[in-house]
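To start, the structure under review is shown below, and the notes come after it.
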Amino acid sequence: MTIEIEKRYTLLLVRVGKGLYRQLLFADMSEQRARLLACEYGYRQEDIGLVRHEALRYRRQLDDELVRSILERMPYHERNSHEAMLAAVRRIVPQATRIVGK
């Protein structure tokens, strides 16, 4: 089966010199926390420019037999429902957002 995975992160653009910028990539967090973390790394608050929240989505093949074995152990009675299948997939890949195809 094919699943879609989404990873969220926070991107900061920091001025480091004359016309030079550096991108800092953090796990998904609030803008305030990201700014504080950049300051802890030695960057000045006034040099922090852009703060963006981004998401990277990609697809991955997952073994059907592995998902079926998890479904067998789950307490749900409707094992073939979409919700139960997605719950089983998320036990393997917690960042999975949806099932794209079989």
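The values are calculated or read from the model by the stated rules, or taken from the named source; none is laboratory data. These numbers come from a predicted model, not from an experiment. Every residue, glycine among them, receives a Cβ derived from its backbone with ideal geometry; neighbour counts consider all protein chains shown. For the accessible areas, the whole protein counts, side chains as well, though only heavy atoms, and no ligand, DNA or RNA atoms are used. Shrake-Rupley method; radii C 1.70, N 1.55, O 1.52, S 1.80 Å.
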- [ ] Read through the list (1) surrounded by fewer than 10 Cβ atoms within 10 Å (Cβ to Cβ); (2) in contact (Cβ under 8 Å) with a residue 12 or more places away in the chain, then give the number of the only condition that ASN80 fails.
- [x] (2)
Task: Hits in the stretch 24-53 (condition: open to solvent by less than 90 Å² (accessible area, probe 1.4 Å), among the polar types (S, T, N, Q) and within 20 Å of the chain's Cα centre (by Cα)) - done: SER30
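Among the candidates THR10, THR2, which residue alone is open to solvent by less than 90 Å² (accessible area, probe 1.4 Å) and at pLDDT 95 or above? Before you say what the answer is, go through the steps one by one.
Working: THR2 fails: at pLDDT 95 or above.
Matching residue, one of THR10, THR2: THR10.
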